[in-house]
Every structure is written in C-alpha cells, then in structure tokens.
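The values are calculated or read from the model by the stated rules, or taken from the named source; none is laboratory data. This is a predicted model, so every value here is computed, not measured. A quick note on method: Cβ atoms are made from the backbone with ideal geometry, for glycine too, and the neighbour counts reach across all protein chains shown. Surface areas here come from the heavy atoms of the whole protein model, side chains and all, with no ligands, DNA or RNA. Shrake-Rupley method; radii C 1.70, N 1.55, O 1.52, S 1.80 Å.
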Amino acid sequence: MDPSTQAPHTQPESSRDADALLREARALLVAQITEQTGITDERLLGAFLRVPRHRFVPPENRAFAYRDGALPIGYGQTISQPSMIAIMLQYLDVRPEDRVLEIGAGSGYAAALLGQLGREVYAVEIVPELAERAQNTIADLGYRNVTVLHGNGRFGLPEHAPFDKILVSAGAEDIPPELVRELAPGGRIAIPVGDDYSQRLVVGTKHADGTLDLQSTIQCIFVPLVSSAQS
Ligand code: SAH
C-alpha cells in the first residue's frame with residue numbers, strides 16, 4: 001500500500017507490528033534491569049519502557065539495542081549499560097520538578113531518560129559529532145525538555161546553574177568542585193570516581209551549608225572524563 005494515500009492516523013500493518021515488537025523488547029529489557037539490580041520503582045522503569053534505545057544506537061548495532069549491555073557509538077565512546085544507568089538514576093532520585101545536568105551525553109540516551117523523570121535537562125558532550133547526533137535524535141523524538149550542548153562539561157554549565165541533580169556519565173579522578181558549586185542546596189550528584197580502568201559510583205548530597213555528604217556505592221567502568229581545558 002502506498003503510505004501517502006493513507007489517512008494520517010493509520011499505520012501500515014508492518015510498522016504496527018514493528019512497534020509492538022519494540023515495545024515487547026523494551027518490556028524484556030526492563031525485566032532484565034529488575035533482575036540485575038532489584039529496582040522495581042515504576043516511575044523509573046516507565047522511562048526505560050518509553051525511551052526507544054534503538055534510536056540512540058548506530059544502525060550496525062541496532063539489533064543489540066535491547067540487550068542489557070554497553071555498545072559502541074563511534075569516536076571510541078559507548079552508550080552505557082541500561083542497568084548501570086538505572087542504578088545511577090535510582091541514586092539520583094530525580095523528581096518531576098528537578099532541573100538536571102548530565103556530563104557526557106554520548107548518544108543522548110541517558111539524557112532522554114532524565115527528561116522523562118525531571119523538568120528540564122541539559123546534557124554536555126565533548127565530541128562535537130556525538131553532541132550533534134544526540135541533539136538530532138532528541139529533537140526527532142520530540143523531547144522538548146532536553147537540550148544537548150557541545151562543550152567540555154568538566155566545569156559544569158554555570159550559565160544554567162543551579163541544578164537539582166547532576167549525573168556524570170564518565171569516570172573522574174575526583175569530584176570537580178565546580179560541579180558541587182553548581183548543585184542547588186539539597187541537590188545530588190552521581191559520579192564514577194577512580195582511575196581509567198575502574199571506578200566506584202560516588203553519590204553526593206549537598207547540605208544547605210554547602211558541604212557534601214558522600215556515599216561510595218558499587219564498582220563501575222566508564223570511559224574517562226576529559227579533565228583538561230580542551231573542548
Ligand atoms: N550517557 C551516554 C554515555 C556516555 S559515554 C549515553 O547514554 O549514551 C561518556 C561520554 O562522555 C562520551 O561520549 C565522552 O565523549 C564524554 N565526555 C568525556 N569527557 C567529557 C567532558 N569533559 N565533557 C563532556 N563530555 C565528556
């Protein structure tokens with residue numbers, strides 16, 4: 001059937017089938033996340049049910065988009081493992097009124113998930129091609145509360161601070177003080193801290209007096225956060 005002759009609200013049979021299969025694949029992914037992490041929070045898992053991860057994965061890896069694993073996205077970078085993102089999001093406890101910053105947007109997938117959970121999201125990516133691709137994917141999907149910017153996020157995004165939540169999706173040697181400064185009182189940061197090969201996910205909650213309450217959680221492996229002034 002010629003799609004141009006159909007009423008706008010109808011879909012060809014095959015694309016309806018494809019949508020149903022993709023929804024099923026996401027439901028299976030969510031089941032894997034729960035099995036891996038014990039997370040059952042419906043609001044959090046609902047974000048993984050809605051966001052189409054295959055759209056954030058390059059065509060050659062799309063067949064693996066709904067496996068619970070990291071995948072290459074080009075430029076030596078990866079889209080993170082869904083269950084790892086779920087753990088980070090659970091620690092961050094993103095509320096519907098939150099303004100959120102992500103450092104290391106990569107494919108834009110985690111930023112899209114953050115957009116489902118919070119009010120407004122800024123995501124910074126240092127590789128210009130990835131930043132552009134992520135912003136295009138987000139725009140195509142109509143996620144209007146998510147903005148991807150090209151730049152070095154090591155020093156945060158002072159022009160849009162303060163943030164209620166900050167997610168760092170790359171491994172840092174320690175917690176950059178600039179990011180702590182950009183956190184609102186009561187705000188929270190989740191950041192992998194360690195060397196290039198292994199880190200621990202550190203979760204910090206900022207008190208009204210500006211000090212940070214730190215919790216060291218699970219072990220993880222992220223690509224390194226570029227910490228120099230380059231961008
Ligand atoms: N959250 C991403 C995965 C990120 S991988 C996703 O869902 O797909 C980590 C990303 O951090 C990489 O794309 C890398 O280029 C980026 N990165 C590393 N150092 C950075 C910095 N200083 N500022 C911004 N992005 C950085």
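Taking 7 Å steps out from each Cα toward its Cβ at Asp17 and Glu178 produces label points 5.2 nm apart.
Report summary: the helix-based calculation at 222 nm, which adds -39500 (n - 2.57) for every DSSP H run with n ≥ 4 and divides by the residues of the chain, gives -9500 deg cm²/dmol. Using the Cβ of Ala110 as centre and a radius below 13 Å, the other residues enclosed give a net charge of 0, where K and R count +1 and D and E count -1. Here the stretch 70-230 carries DSSP beta bridges of which approximately 45% are antiparallel, counting only pairs with both residues inside. Using C-alpha pairs below 8 Å separated by at least 6 residues, the relative contact order for the stretch 70-230 is 18 percent. Calculated FRET efficiency, Ser198 to Glu129, Cβ-Cβ distance, R0 = 25 Å: about 0.35 to the nearest 0.05. Taking a ≥ b ≥ c as the square roots of the eigenvalues of the alpha carbon gyration tensor, the stretch 95-181 is oblate, as a/c is not under 1.5 and a/b does not beat b/c.
Lys and Arg at +1, Asp and Glu at -1: add these up for the other residues within a Cβ distance under 13 Å of Gly46 and post the number. Intermediate values should be presented prior to the final figure.
On the way: positive: Arg23, Arg26, Arg43, Arg50; negative: Asp41, Glu42.
Here the charged neighbours net out to +2.
Please label the shape of the stretch 70-230 as rounded, prolate or oblate, based on the square roots a ≥ b ≥ c of the eigenvalues of the alpha-carbon gyration tensor (a/c under 1.5 means rounded; beyond that, a/b larger than b/c means prolate, else oblate). Here the stretch 70-230 falls in the rounded category. Using θ = phi - 60° in the Karplus curve 6.51 cos²θ - 1.76 cosθ + 1.60, the 3J(HN,Hα) couplings for the stretch 137-148 round to 4, 4, 5, 4, 7, x, 7, 6, 8, 10, 10, 9 Hz; x is entered for Gly and Pro. The chymotrypsin sites (Phe, Trp or Tyr not before Pro) found in the stretch 145-231 that occupy coil by DSSP, while having at most 10 further C-beta atoms within 10 Å, are Tyr197.
At a probe radius of 1.4 angstrom, the accessible area of the stretch 70-230 per residue rounds to 43 square angstrom.
Taking only protein heavy atoms and a 1.4 Å probe, the accessible area of the chain is 51% carbon and sulfur.
Given the stretch 173-231, what whole percent of its Cα pairs are spread farther than 16 Å? More than 16 Å apart: 46 percent of the Cα pairs in the stretch 173-231.
The charge dipole of the stretch 70-230, taken about its Cα centre with unit charges on the Cβ atoms of Lys, Arg (+1), Asp and Glu (-1) only, comes to about 260 debye. Loop-located chymotrypsin sites (Phe, Trp or Tyr not before Pro) in the stretch 47-138 (DSSP state not H, G, I, E or B) with no more than 16 neighbouring Cβ atoms inside 10 Å: Tyr75. Around Glu182, what is the net charge, scoring Lys/Arg as +1 and Asp/Glu as -1 over all other residues with Cβ under 15 Å from its Cβ? Residues close to Glu182 contribute a combined charge of 0.
How much length is gained if the chain between Asp213 and Gln36 is pulled fully straight, taking 0.36 nm per residue apart and subtracting their Cα-Cα distance, in nm to one decimal?
Numbers: separation 177, 0.36 × 177 = 63.72 nm, distance 2.70 nm.
Separation in residues times 0.36 nm, less the Cα-Cα distance, equals 61.0 nm.
Between the exposed loop cleavage positions of the chain, defined as GluC sites (Glu not before Pro) in a non-H, G, I, E, B DSSP state with at most 16 neighbouring beta-carbon atoms within 10 angstrom, the longest gap is 1-96.
Comparing Leu214, Leu101, Leu167 in a Gaussian network model of the chain where C-alpha atoms under 10 Å apart are linked, the largest mean-square fluctuation is found at Leu214.
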